[in-house]
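Undergrad: The structure follows.
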Amino acid sequence: MSMRGRMTLNVGPYLEILAQAGRDVDQVVTDELENNKYGMTMMMWKYLRESSETWTGATGRTLFFDGPQRDGNYIFIEIGAHTDVDPSAWYKEYGTPRQAAEPFLRPTLQYYRTKGIKIAMGIVLESFGLTP
Amino acid sequence: MTTIFERVKTALGNLSPAIPYALGQRLTATGAELPDTFIVYLLVSGDPEQHADDAETQRTYQVQVSIYARGGLVTLPDVDAAMLAQGFTQGPERQLLYDKETRHFGLAKDYFYLE
């Protein structure tokens, strides 16, 4: 069992501009997810590292990304932690009766939902000479 | 201005019957047991949503409220009603791993507040 994060990003207006410019939207999205999956994983790692008083790296090694994958019209990546290998990431994210939670997955998803993906899409449009 | 922590504290303080709650972690005196039922809350994230004229105009807060209970998860305090009354919206919830040492079951519920 793994702890995974999934969210839908409101990038419709950006994709519409790309489509109107004759770009292959599916390919652009796939490329963007490919380019950003390392950044997302590193942000999780950063939150995890910053909130750890002692750092052995064991929890960090359970972090993963998977994709880009395709399911019908949906193109996505999955990020998270392999908690079946080591449940410490679960304890860090959600806490226990005796351990305060120090979330790393949900802040990463929130950052990309509110800001990160907009920056990334802005760069894509700019590279094609388009404006949002 | 009311902080997000005040909003959560007000909500949890309105629970009836009263349930002990704490920010981050419930601490006990050395050797003392944790209560049979208690609540812990924390801020998961607070991200700007919208800007206008170089100023932030909207921000979303994500808050986790964890309910721990030795008696299981069938009958729990009505945290949803208390949080909704303070203007929060409900997010996902998940069952936490059973803690064999403290003998608590747990349920973590996420709430969002747009300010």
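Undergrad: Please go through (1) modelled with pLDDT of 95 or more; (2) away from every other protein chain (no Cβ under 11 Å) for B:D54 and return the number of the only condition it doesn't satisfy.
TA: (1)
Undergrad: Continuing with this model, one more query. Name the single residue, out of those in segment B:26-51 being outside any strand (DSSP E or B) and surrounded by fewer than 15 Cβ atoms within 10 Å (Cβ to Cβ), that is modelled with the highest pLDDT.
TA: B:D36
Undergrad: Run down A:T114, A:T30, A:T108, A:T83 and say which single residue is in a loop (DSSP other than H, G, I, E, B) and either within 12 Å of chain B (Cβ to nearest Cβ) or free of Cβ contacts under 8 Å to residues at least 60 places away in the same chain (or both).
TA: Within the list A:T114, A:T30, A:T108, A:T83, the selection yields A:T83.
To keep it simple, each residue is scored yes or no on (1) among the charged types (D, E, K, R); (2) within 24 Å of A:L125 (Cα to Cα); (3) in contact with an Asp or Glu (Cβ under 8 Å, 6 or more places away or on another chain).
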{"site": "A:L15", "(1), (2), (3)": "no, yes, no"}
{"site": "A:R23", "(1), (2), (3)": "yes, yes, no"}
{"site": "A:L33", "(1), (2), (3)": "no, yes, no"}
{"site": "A:W45", "(1), (2), (3)": "no, no, no"}
{"site": "A:T56", "(1), (2), (3)": "no, no, no"}
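Undergrad: Give me a count of the residues in segment A:63-113 that are among the hydrophobic types (A, V, I, L, M, F, W, C) and in contact with a Leu (Cβ under 6 Å, 6 or more places away or on another chain).
TA: 4
Undergrad: Ok, one more. Being more than 11 Å from the chain's Cα centre (by Cα), surrounded by 12 or more Cβ atoms within 10 Å (Cβ to Cβ) and modelled with pLDDT of 95 or more narrows it down to one of B:A18, B:A69, B:A22, so name that one.
TA: B:A69
The values are calculated or read from the model by the stated rules, or taken from the named source; none is laboratory data. Predicted model only: the values in this text are computed from it and were never measured. All Cβ positions, glycine included, derive from the backbone under ideal geometry; neighbour counts span all protein chains shown.
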